[in-house]
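Student: Starting off with a structure, shown below.
The values are calculated or read from the model by the stated rules, or taken from the named source; none is laboratory data. Bear in mind the structure is a predicted one, so any value in this text is a computation, not a measurement. Positions of Cβ are generated from backbone atoms using ideal geometry, with glycine treated the same way; all protein chains shown enter the neighbour counts. Just so you know, the surface numbers come from the protein's heavy atoms only, side chains and all, with ligands and any DNA or RNA stripped out. Shrake-Rupley method; radii C 1.70, N 1.55, O 1.52, S 1.80 Å.
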Amino acid sequence: MTQLIGAAAPEQIIGRIRSGDRRVLATVSLAEIEAVQNHNETFFYISRVIGQKAVRSLFGCFENRISGVRKICADSLYQLKLNYVHKKYIVLLLKKEKDPAVQMALQDVVVRMNEERFYAARAARDNRFLAKITYDELSVIADKGVPASKAFAGEDLAFLGGGLENTDNQVRIFCARMIGRVGDAKDRARALLARAKGREKVKAVAKEIDISLACLAGSKCPDIYLQDEH
């Protein structure tokens, strides 16, 4: 089988990827997958042309002993829609991986999955989403450098409010900051924070809630930029 695949032209390998053959990329050489990757002068041919049909074959690719092949597969996976890919499986691949370049490529996939989950939950008005995630998952949201007053609006208050029930102090602080900078629906924002303050036991979080309440009451507060450690 290895010899057969080793002699295969890009079209043969592509046909097997399209059919969802899990083993086809587990045995290809670096030269072969590079030929597929750039087939018809289309970079990322696997993800841009074959598309979601390639997912099963890409997962099988991580059984390939050649790290350069696995790196291409991770990069191709990053290009696909990841809504229906289980994050736990990617994390498992990451834990098993020994090559630093492939590890970084898989970490990029995890980051993108976190971003997609965040924005899908926000669009769906999933008010429990922020109550369940970790701060590491939250800290990768894509709007880096965007002020909170532009990133969120009154329609996001219930979504952000879910984060005030998270067991992670950092998530609660983040959500309190964002709620305090929302430009509209300030009465609803104040009510949301007032309820949270009544049950908050951690001083650092309670302090952030007080700051946000003061902002909503008219105090001059600098806008908070997403990803701003300060």
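Student: Test Val182 against the stated conditions and say whether it is within 22 Å of the chain's Cα centre (by Cα) and in the same structural domain as Ile211 (by the TED database). Steps first, please.
Tutor: Values: within 22 Å of the chain's Cα centre (by Cα): no; in the same structural domain as Ile211 (by the TED database): yes.
So Val182 fails the test.
Student: Is it the case that some residue within region 154-166 is assigned to a loop (DSSP other than H, G, I, E, B) and open to solvent by less than 70 Å² (accessible area, probe 1.4 Å)?
Tutor: Residues of region 154-166 that are assigned to a loop (DSSP other than H, G, I, E, B), as a first pass: 164-166.
Going one step further and asking which of them are open to solvent by less than 70 Å² (accessible area, probe 1.4 Å), we end up with 164, 166.
Checked region 154-166: at least one residue is assigned to a loop (DSSP other than H, G, I, E, B) and open to solvent by less than 70 Å² (accessible area, probe 1.4 Å).
Student: Looking only at residues in region 59-72 that are within 12 Å of Thr27 (Cα to Cα) and aliphatic (A, V, I, L, M), which one is least open to solvent (accessible area, probe 1.4 Å)?
Tutor: Across region 59-72, the extreme among qualifying residues is Val69.
Student: What are the residue pairs meeting all of these: first residue in region 90-103, first residue under 16 Å from Asn64 (Cα atoms), second residue among the hydroxyl-bearing types (Ser, Thr, Tyr), Cβ atoms under 7 Å, and 6 or more apart or on different chains?
Tutor: Once the first residue is under 16 Å from Asn64 (Cα atoms) and sits in region 90-103, its partners that are among the hydroxyl-bearing types (Ser, Thr, Tyr) give Asp99/Ser67; Ala101/Ser67; Val102/Ser67.
Student: Sticking with this structure for a sec: Among the listed residues Arg117, Arg122, identify the single one that is open to solvent by less than 50 Å² (accessible area, probe 1.4 Å) and under 21 Å from Cys175 (Cα atoms). Before you say what the answer is, go through the steps one by one.
Tutor: Working: Arg117 fails: open to solvent by less than 50 Å² (accessible area, probe 1.4 Å).
After applying the criteria, what remains is Arg122.
Student: Which of the following residues is touching a Lys or Arg at 6+ places or on another chain (Cβ under 9 Å) and not assigned by the TED database to the domain that holds Tyr84: Gly145, Gly161? Even if it seems obvious, please write down each step before you answer.
Tutor: Working: Gly145 fails: touching a Lys or Arg at 6+ places or on another chain (Cβ under 9 Å).
None of the other options fit; the residue is Gly161.
Student: While we're looking at this one, here's another question. Of all residues in region 125-148 being open to solvent by 70 Å² or more (accessible area, probe 1.4 Å) and in contact with a helix residue (DSSP H, G or I) (Cβ under 7 Å, 6 or more places away or on another chain), which is nearest to Asp168 (Cα to Cα)? Give the steps one after another, and end with the answer.
Tutor: First, pick out the residues of region 125-148 that are open to solvent by 70 Å² or more (accessible area, probe 1.4 Å): 125, 128, 132, 136, 144.
Then drop every residue that is not in contact with a helix residue (DSSP H, G or I) (Cβ under 7 Å, 6 or more places away or on another chain), which leaves 125, 128.
Values: Arg125: 21, Arg128: 14 Å.
Restricting to residues being open to solvent by 70 Å² or more (accessible area, probe 1.4 Å) and in contact with a helix residue (DSSP H, G or I) (Cβ under 7 Å, 6 or more places away or on another chain), the top hit is Arg128.
Student: On the given criteria, is Phe174 without any contact (Cβ under 8 Å) to a residue 60 or more places away in the chain, touching a helix residue (DSSP H, G or I) at 6+ places or on another chain (Cβ under 8 Å) and open to solvent by less than 20 Å² (accessible area, probe 1.4 Å)?
Tutor: no
Student: Out of (1) free of Cβ contacts under 8 Å to residues at least 24 places away in the same chain; (2) among the hydroxyl-bearing types (Ser, Thr, Tyr); (3) within 22 Å of Met113 (Cα to Cα), the odd one out for Thr42 is which?
Tutor: (3)
Student: Out of all the residues in region 38-52, is one or more within 19 Å of the chain's Cα centre (by Cα) and among the aromatic types (Phe, Trp, Tyr)?
Tutor: No, that holds for no residue.
Student: Assess whether Leu30 counts as being surrounded by fewer than 21 Cβ atoms within 10 Å (Cβ to Cβ), over 28 Å from Ile133 (Cβ atoms) and either touching a Ser or Thr at 6+ places or on another chain (Cβ under 9 Å) or hydrophobic (A, V, I, L, M, F, W, C) (or both). Reasoning before the result, please.
Tutor: Details: surrounded by fewer than 21 Cβ atoms within 10 Å (Cβ to Cβ): yes; over 28 Å from Ile133 (Cβ atoms): yes; either touching a Ser or Thr at 6+ places or on another chain (Cβ under 9 Å) or hydrophobic (A, V, I, L, M, F, W, C) (or both): yes.
For Leu30, the condition - surrounded by fewer than 21 Cβ atoms within 10 Å (Cβ to Cβ), over 28 Å from Ile133 (Cβ atoms) and either touching a Ser or Thr at 6+ places or on another chain (Cβ under 9 Å) or hydrophobic (A, V, I, L, M, F, W, C) (or both) - is met.
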